1. Please go through region 264-305 and pick out each residue that is over 21 Å from the mean Cα position of the chain (by Cα) and among the basic types (Lys, Arg).
2. If a residue counts only when it is over 30 Å from LYS281 (Cα atoms), which strands (runs of 3 or more DSSP E) contained entirely in region 156-263 have at least 3 such residues?
3. Could you check region 65-118 and list, in sequence order, the residues that are touching an Asp or Glu at 6+ places or on another chain (Cβ under 7 Å) and free of Cβ contacts under 8 Å to residues at least 12 places away in the same chain?
4. Return yes or no: is GLY96 assigned to a loop (DSSP other than H, G, I, E, B), in the same structural domain as ARG127 (by TED's automatic domain parsing), modelled with pLDDT of 90 or more and crowded, with 16+ Cβ neighbours inside 10 Å?
5. Only one of these is among the β-branched types (Val, Ile, Thr) and under 21 Å from ALA171 (Cβ atoms): ILE132, ILE144. Name it.
6. Consider region 289-313. How many of its residues are among the β-branched types (Val, Ile, Thr) and surrounded by fewer than 22 Cβ atoms within 10 Å (Cβ to Cβ)?
7. For region 289-316, what are the residues that are of a type outside the set (Val, Ile, Thr) and assigned to a strand (DSSP E or B)?
8. Going by the structure shown, is PRO122 of a type outside the set (A, V, I, L, M, F, W, C), out of contact with any Lys or Arg (no Cβ under 9 Å at 6 or more places or on another chain) and buried (at least 19 other Cβ atoms within 10 Å of the Cβ)?
Amino acid sequence: MAEGENMENQGSLLVHRSLSVDTSSQSLFWKPVMVFYHPSMKKLAKDVVDLGRREAKLPKHKNQYRSVELCDFIQWRKFRDGWPDIFINNIDQVVGRDVIFVASFHTPEVMFEELSLIYSFPRYFVRSFCLILPFFPTGTMERIDHEGQVVTAKSLAVMLSAIPLAARGPAQIIIFDIHALQERFYFSYNIIPRLLSAIPYLIKELKKLPDNGNLAIAFPDDGAHKRFSSLFRDWPLIMCIKTRQGDERHVIIKEGDPTGRHVVIIDDLVQTGGTLIECSKVLQSQGATAISLFVTHPVFPERSWEKFTSKDPVPFSNFWITDSIPHALEISEHKPFKLLSLAEAIVDSLLTLDLQK
């Protein structure tokens, strides 16, 4: 028997064996949604499952939502040459099931092993597939300013668009605060991007502050202002911009007044943090009484977050970050960092569609 024919027969036997247990499509539908995860995102995946279960059991949600279960049976191994050797135990359990995978593409190495798994799930006859990818890592390289540049945001979108169709149709991808909203159009029609924001959950935290009536919201550049300013309706806004003076670039205040205000600087991500620090220094020099910061994605290469733990040059009151990137958990153990988990935002999104009965 040819190898291809043998593999096809094995696939048919797999489907037959799984569905022979219970051929009712309704019974498959009522089974819990399966949540898998990359090891680096275990904490976030567990938080999503725990919160999802609690929401489903609330009296006001009685018989409205399906349950979720954390699936712990992926073996993330490597061959001796370093290439991934991944195995999904109990693979027959995913047949006809709704599957969620919590991913993190924080390095090219983990991205490859995760894509290998992601491409496999629909081919094992899952009913639907949802990828939770909180951070879209190549989002800042979304356009060409000079001929010869490579738009890697488009490249990654093409890779994700190659996820095979599940039984119910295209896979969905949940991404938080993607760098530029137009990047949704980099994906093909074979995939459905769901672009969410962590800002509404930050606003809940800001309203808990004792001085919430004296806040002002600042943006370190025009891009952040355009992206997020419409979400902040309760506080005055300040916009900073970068100007060039000779060979040097400086941050200045273009609009707004920080005098006497606790200023919260907002951006989608941070790399080394140089712009945030320069913006903070300018705001403080112009009369801000306190400075806090928020970014959804704390990239911080080479532990550059450490410069924010010192009170020099600016003593930061708070630096909120989310767990969109695995090392956020370590960073949040150091003041002034505070972790704002995306679990609530993810569950809220899943309840609108994926967990509906």
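The values are calculated or read from the model by the stated rules, or taken from the named source; none is laboratory data. What you are looking at is a predicted structure, and each value in this text was computed from that prediction instead of being measured. Here the Cβ positions follow ideal geometry from the backbone for every residue, glycine too, while neighbour counts run over all protein chains shown.
1. Result: LYS281, single match.
2. Counting at least 3 such residues, we get 171-176, 191-196.
3. ARG77, LYS78, PHE79
4. Yes, satisfied.
5. Details: ILE144 fails: under 21 Å from ALA171 (Cβ atoms).
It is ILE132.
6. 3
7. Scanning region 289-316 gives ALA290, SER292, LEU293, PHE294, HIS297, PRO298, PHE316.
8. Details: of a type outside the set (A, V, I, L, M, F, W, C): yes; out of contact with any Lys or Arg (no Cβ under 9 Å at 6 or more places or on another chain): yes; buried (at least 19 other Cβ atoms within 10 Å of the Cβ): yes.
Yes; evaluated as a whole, the condition is true for this residue.
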